[in-house]
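J.: Below are the structure tokens for one structure; questions will follow.
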Amino acid sequence: MTEPKRTFALGAYLTGSATNGDAWRAPGEDVDADITFARYREYVDLLEQGRFDSIFLYDNVLPVPDPAAVADTPALPRWDTFTLLAALAVTSRHIGLIGTASTSFNEPYNIARRVASLDRLSGGRAGWNVVTATGGGENFNLSRHPDHADRYERAHEFVDVVTGLWDSIAPGALLRDKRSGRWLDPALVRPLNHKGHFFSVAGPLNAPPPVQRRPVLAQAGASGPGRDLAARIGEVIYTAEYDPAAGRAYRADVLDRAARHGRGEAHLRILPGLAPFVGESDDDARAKFETYLRYLDHGDSLRGLSAYASLGVDLSALPRDRPIELGEVTETNSHKSRQSLIVDWIRRDRPTPRDVLRHFTRGGHRIIVGTAREIADDIEGWYRTGAADGFNIMFTSAPDGIRDFVRLAVPELQRRGLLRTDYTGRTLRENLGLPDPATP
């Protein structure tokens, strides 16, 4: 059997909160998406017009010990990920629906059931973003955040149990035969009876069998253990590289690790995050970017990035136009990969805090400003040179930022033969060109 060819993939990042961008006070920015489902329905409709492969719904369950700390930022209200995706499953037709669920604060049976149900509800468009969680144990009866190594060891077993549960009812098992009175063929139902270090799960899965047999697995690890997990189980892999050379090195390393598990380039789609500001002209794109900066809370964004990357210094407290001097940085127990990327960039380029705001989003993703042609040049360059298999677009505004990209950048990507002009598959796996991992 011939392996599928590597295909260009395009995903969209949505937060699940009231607004999709940090500059939430900007004119035209939605600020009620957390209570108005129609907003997300509109976003997904636009993305389907742009032939995006998937949406990726971010989630966190972090405690808020001091509500004053989030008084000026839309961090608190957020949709439950799979509830929102279930609603979008029946109001959309083509786009993949990838939801985040932690292996630290859930049980495999619940996640296997939830994702399988979403896959059936959407006709085969579900994906699970496997995270070990970067915080939030205080909301789950834990006195401290689990150690990085323990989280990843648990994650490997967690995923094995979930995929085992998805495989526990083979295709054709459910007969539903009124004439014979046979509801199922017991020979095609396999209790899991898993007993491991972290989990004991009997099975089989009591859920509608996934259309895709196995929904798509996404992962975002870039530390050593994170890359090992991504290489072993990841099919869509989210990264935050800011330089094509670093992107090529990361992709080569993950593919090398994947080869040890009998997996190759056909099995993985590595998607760096990219925050584009696209305009009809350079001046138009620049004006949109300056509007974003004008309404952005610079202090809050710098504090957020400092905390996210555990820099050991509050960038918001430094002079805005003086090069940043970092001392010894203590390795974080959470965002190890993002910390390393940002620390390396600061030490190499010696930017000012103002430069940081012009290069990175609050979450540490690369910002690009330009015309559709310039944006497409950048995307194509990364893809053609093996630095990426596509991109996860981190929209900094909604709905205008989504409209701009679909109206301007998408036709240019289609003209270059990168992005499809129509959906060709029925399932997310088919549209991504991914093989079925459950096939012997």
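The values are calculated or read from the model by the stated rules, or taken from the named source; none is laboratory data. Just so it is clear, the structure is predicted and the values come from calculations on it, not from any experiment. Cβ sites come from the backbone with ideal geometry, for glycine too, and all protein chains shown count toward neighbours. For accessibility, only protein heavy atoms count, side chains too; no ligands or nucleic acids. Shrake-Rupley method; radii C 1.70, N 1.55, O 1.52, S 1.80 Å.
J.: What is the calculated FRET efficiency for Arg415 to Tyr295, with r their C-beta to C-beta distance and R₀ = 51 Å, to the nearest 0.05?
T.: Here the calculated transfer efficiency is 0.95.
J.: Please work out how much length the chain gains when fully extended from Glu48 to Phe199, using 0.36 nm per residue of separation minus the C-alpha to C-alpha distance, in nm with one decimal.
T.: 50.5 nm
J.: State, to one decimal in nm, how far the label point of Glu430 lies from the label point of Asp377, with both points 7 Å from Cα in the Cβ direction.
T.: Output for this residue pair reads 3.8 nm.
J.: Okay, next question. On full extension of the chain, what length is gained from Ala87 through Arg190, given 0.36 nm per residue of separation minus the C-alpha to C-alpha distance?
T.: So the chain would gain 34.0 nm between Ala87 and Arg190.
J.: Right, something else. Helix-only mean residue ellipticity at 222 nm, the chain, DSSP H runs n ≥ 4 weighted -39,500 (n - 2.57), per residue, nearest 500. What is it?
T.: It lands at -11000 deg cm²/dmol.
J.: By how many degrees, 0 to 90 and rounded to 10, does the Cα axis of helix 37-49 deviate from the longest principal axis of the chain?
T.: Value to nearest ten degrees: 90.
J.: Right, something else. Rounded to the nearest 20 debye, what is the charge dipole size of the chain about its Cα centre when +1 sits on each Lys and Arg Cβ and -1 on each Asp and Glu Cβ?
T.: Charge dipole of the chain: 1460 debye, to the nearest 20.
J.: R0 = 51 Å: FRET efficiency of Asp344 with Asp177, Cβ-based, nearest 0.05?
T.: Efficiency, rounded to the nearest 0.05: 0.25.
J.: Follow-up. Work out which GluC sites (Glu not before Pro) in the chain are exposed loop sites (DSSP not H, G, I, E or B, at most 14 other Cβ within 10 Å) and give the longest gap free of them.
T.: Here the longest run is 1-279.
J.: When a/c reaches 1.5 or more, the comparison of a/b and b/c decides; with that in mind, is the range 188-242 rounded, prolate or oblate per its Cα gyration tensor?
T.: Because a/c hits 1.5 or more and a/b fails to exceed b/c, the range 188-242 counts as oblate.
J.: Quick one: if the Förster radius is 22 Å, what FRET efficiency do Ser281 and Val31 give, using the C-beta to C-beta distance and rounding to 0.05?
T.: Computed FRET efficiency for Ser281 and Val31: 0.15.
J.: Mind checking the angle between helix 282-295 and the chain's longest principal axis? C-alpha axes, 0 to 90 degrees, to the nearest 10.
T.: 90 degrees
J.: Taking the Cα-to-Cβ direction at Asp72 and at Thr385 and moving 7 Å from each Cα, how far apart do the two end points lie in nm?
T.: Calculated label separation equals 3.9 nm.
J.: Something else: In the range 104-154, which trypsin sites (Lys or Arg not before Pro) are in a loop and have at most 10 other Cβ atoms within 10 Å, using DSSP for the loop call?
T.: Arg144
J.: Counting only heavy atoms of protein chains, what accessible area per residue, in Å², does the chain have with a probe of 1.4 Å?
T.: Accessible area per residue, the chain: 43 Å².
J.: If you place +1 on the Cβ of every Lys and Arg, -1 on the Cβ of every Asp and Glu, and leave all else neutral, what size is the dipole of the range 10-128 about its Cα centre, to the nearest 20 Debye?
T.: The dipole magnitude comes to about 500 debye.
J.: In whole angstrom, and with the biggest value first, how far do the Cα coordinates of the chain range along each principal axis?
T.: 77, 51, 44
J.: How many nm is it between the label spots at His261 and Asp314, if each spot is 7 Å from the Cα in line with the beta carbon?
T.: Inter-label distance under the simple model: 4.1 nm.
J.: Relative contact order for the chain using alpha-carbon pairs under 8 Å, separation at least 6, rounded to a whole percent?
T.: 22 percent
J.: Using a 1.4 Å probe over the heavy atoms of the protein chains, calculate the carbon and sulfur portion of the accessible area of the chain as a whole percent.
T.: So the carbon and sulfur contribution to the accessible surface is 49 percent.
J.: Follow-up. Relative to the longest principal axis of the C-alpha atoms of the chain, give the angle of the C-alpha long axis of helix 148-166, reported between 0 and 90° and rounded to the nearest 10°.
T.: Orientation of helix 148-166: about 40 degrees from the principal axis.
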